[in-house]
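Structure, as structure tokens:
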Amino acid sequence: MGEAVGVSATFSILFLGTGTSTGVPLIWCGCEVCRSADPRDGRWRSAALVSLGDRALLLDAGPDFRAQCLRWGVARVDAAFITHLHADHVFGFDDIRRFNTMQGNAVIPCYAGPETLAGMRRVFPYISRRRDAQGLYRPLIDFVAVGGAFEALGARLTPLPVVHGDVETNGVRIDFGGRSLAYLPDVHEIPEGTLALMGGLDLLVLNLLRPREHPTHLSFARAVAYARAVGARRTRFTHLSHDVTHARLEALLAAEEASFAPAYDGLRVDLVK
């Protein structure tokens, strides 16, 4: 088990997983990446934990969430933000109930767009703000629909609407302690109005699925173009497939911009120590 996180940095992001919906390695795949001995090429489904002082904000909770918490020593979750309803981003959400218990049965707020939250209620109809009268072990969650900037855990959070297939999808901008990051793990197109919300970022986290085009995710060329348009001080790419090794992608991105690099599972980026 890793060292407990969520309280050690004033403002940081821990990448719990950086893979696409299949994870890497894929089941029964013998490609170079899936057989790689480089631990950075092992990619759980995308999720992240943002430390805000002594509080922790969870960004998505896919099927690997429990294993991620154990591997990276996640000690607390004070709130969650769900980007969209796809299985690789929500199917581990039930395991958040352990943090209710660890935090004295505290109700944990979960923020998302209205359509996403309506879907969460359909997928998890047993979740409520109250403990079950029969003593069943269920998450205690306050679902909060958001459509604009709001305050949570001492930070300012701004939903960032993006195009990703036919489901409501939001990235999120987080401003805290005079620094800012934006997390957009599933993107095919970023509208101009959303780009306008991402000025002056210290860190951009952006989807980069693979070198070739994809109908609902960013390819290498499109991801690089959007990263340049945003102009963050640093950019880390996530939601990666098994099409390229970490080392090769790192070299390709460095050749584009010195501030570009792929993220990897377990990477923590500090914005304010």
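Derivation of every value follows stated rules applied to the coordinates shown; laboratory data play no part. Fair warning: this is a prediction, and the values are worked out from it, not measured in the lab. Backbone-built Cβ (ideal geometry, glycine too); neighbour counts: all protein chains shown.
Quick notes
- Between the beta carbons of Arg248 and Ala67, assuming R0 = 22 Å, the FRET efficiency works out to 0.25 to the nearest 0.05.
- Antiparallel DSSP beta bridges within segment 45-176, percent to nearest 5: 60
- The packing ranking of peptides 81-87, 258-264, highest mean first, is 81-87, 258-264, where packing means the average number of other beta carbon atoms within 10 angstrom of each residue.
- Mean projected area of the convex hull spanned by the Cα atoms of segment 51-136, taken over all viewing directions: 5.8 nm².
- Per-q log10 I(q)/I(0), segment 11-264, q = 0.08, 0.09, 0.17 Å⁻¹ (Debye; single scatterer per alpha-carbon; no solvent): -0.29, -0.37, -1.34
- Each of the peptides 181-187, 118-124 was scored by the mean count of other Cβ atoms within 10 Å over its residues; in descending order, highest first, they stand as 181-187, 118-124.
- Magnitude of the charge dipole, segment 11-264, Cβ model with Lys/Arg +1 and Asp/Glu -1, debye to 20: 600
- Crossing angle, helix 220-230 versus the chain [Cα axis fit, 0-90 degrees, rounded to tens]: 70
- Rounded, prolate or oblate (a/c below 1.5 giving rounded, otherwise prolate when a/b exceeds b/c) for segment 122-171 by Cα gyration tensor: oblate
- Antiparallel %, DSSP beta bridges [both residues in the chain], to 5: 55
- Taking each DSSP H run with n ≥ 4 as -39500 (n - 2.57) and averaging over every residue of the chain yields -5000 deg cm²/dmol at 222 nm.
- R0 of 22 Å, Cβ-Cβ distance Ala258-Asp38: FRET efficiency to nearest 0.05: 0.50
- For segment 91-171, chymotrypsin sites (Phe, Trp or Tyr not before Pro) are listed when DSSP marks them as loop and at most 12 other Cβ atoms sit within 10 Å of their Cβ; the list is Tyr126, Tyr137.
- Cβ-based net charge around Tyr264, under 10 Å, with every Lys or Arg adding one and every Asp or Glu removing one: -1
- Given charges at Cβ of Lys, Arg, Asp, Glu: segment 11-264 dipole, positive-most of Leu70, Gln103, Met198: Gln103
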